[in-house]
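What follows is a single structure, and I will ask about it in a moment.
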Amino acid sequence: MPTPKSKKLEKLSVSIYPKYVEAEPGSSINYTVTIDWYPPEWKGEMKILAVISAAGFERKFELPSVTPATNPPITNEISIPIPENIPPLTYKLRLEVKADSLKASDETELQIKLKTPGFEILTEIIGITVALAITRKT
């Protein structure tokens, strides 16, 4: 009896949710990731990479590989660590999935906020003080 031929992967897709996240340096963020492929019988290894990038900064994180045990699609929660020294900016977070010779990716926006508690309140107080000083001089 001939051995059944393993199916070749023909299509691969990934989606990541939420599309916008705010976080502080040193924290972790959680995403819901859905991976779909065709044919459904394909059961090879999927390598997952997260890339955070903005204005010349890029940080890559290899996440644990996935070998599907069920038919597509599969949905998992993943946690991505935010570097302690990341500047407060808006970044793109791209999730890449590679399997066989195919690659799929999806992006989200990641807003890194300052860690200083009450910074926004302090900024507002300074703004109000400056506004009052200007209106008193006129």
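Please treat every number below as a calculation from the coordinates, not as lab data. None of the values given here were measured: they were computed from a predicted structure. Every residue, glycine among them, receives a Cβ derived from its backbone with ideal geometry; neighbour counts consider all protein chains shown.
On a straight-distance basis, which lysines could pair with K92 in a cross-link, Cα separation under 23 angstrom, same-chain partners fewer than 8 positions away excluded?
K19, K47, K60, K103, K113, K115
Provide the packing ranking of 11-21, 53-63, i.e. peptides ordered by the mean count of other C-beta atoms within 10 Å per residue, highest first.
Values: 11-21: 14.9, 53-63: 12.4.
Output ranking for 11-21, 53-63: 11-21, 53-63.
Short version: ³J(HN,Hα) in whole Hz for each residue of segment 20-25, in order, from phi by Karplus 6.51 cos²θ - 1.76 cosθ + 1.60 (θ = phi - 60°), x for Gly and Pro, what are they?
Residue by residue, segment 20-25 yields 9, 9, 10, 8, 10, x Hz.
Please list, in chain and number order, the residues 5+ apart from I29 or on another chain whose amide H is under 5 Å from its amide H, with Hs placed from the backbone.
Counting only residues 5 or more places away or on other chains, the set is I80, I82.
Could you list the residues of segment 8-33 with an amide nitrogen less than 14 Å from a label point located 7 Å from the Cα of N85 in the Cα-to-C-beta direction?
Output list for this probe position: 26.
Contour minus end-to-end for E22 and E107, with contour as 0.36 nm per residue of separation and end-to-end as the Cα-Cα distance? Display every interim value, and only then the final one.
Values: separation 85, 0.36 × 85 = 30.60 nm, distance 1.46 nm.
The span from E22 to E107 would gain 29.1 nm if fully extended.
Another question about this same structure. Using the per-residue mean of other Cβ atoms lying within 10 Å as a proxy for protection, in what order, highest first, do the peptides 76-84, 27-35 fall? If you can, show how the numbers build up before the last one.
Details: 76-84: 13.7, 27-35: 15.6.
Highest-to-lowest ranking by the protection proxy: 27-35, 76-84.
Whole-Hz ³J(HN,Hα) for each residue in segment 56-70, computed from phi via Karplus 6.51 cos²θ - 1.76 cosθ + 1.60 with θ = phi - 60°, x for glycine and proline: what do you get?
Coupling constants for segment 56-70: x, 8, 8, 9, 10, 10, 7, 9, x, 5, 10, 10, x, 10, 10 Hz.
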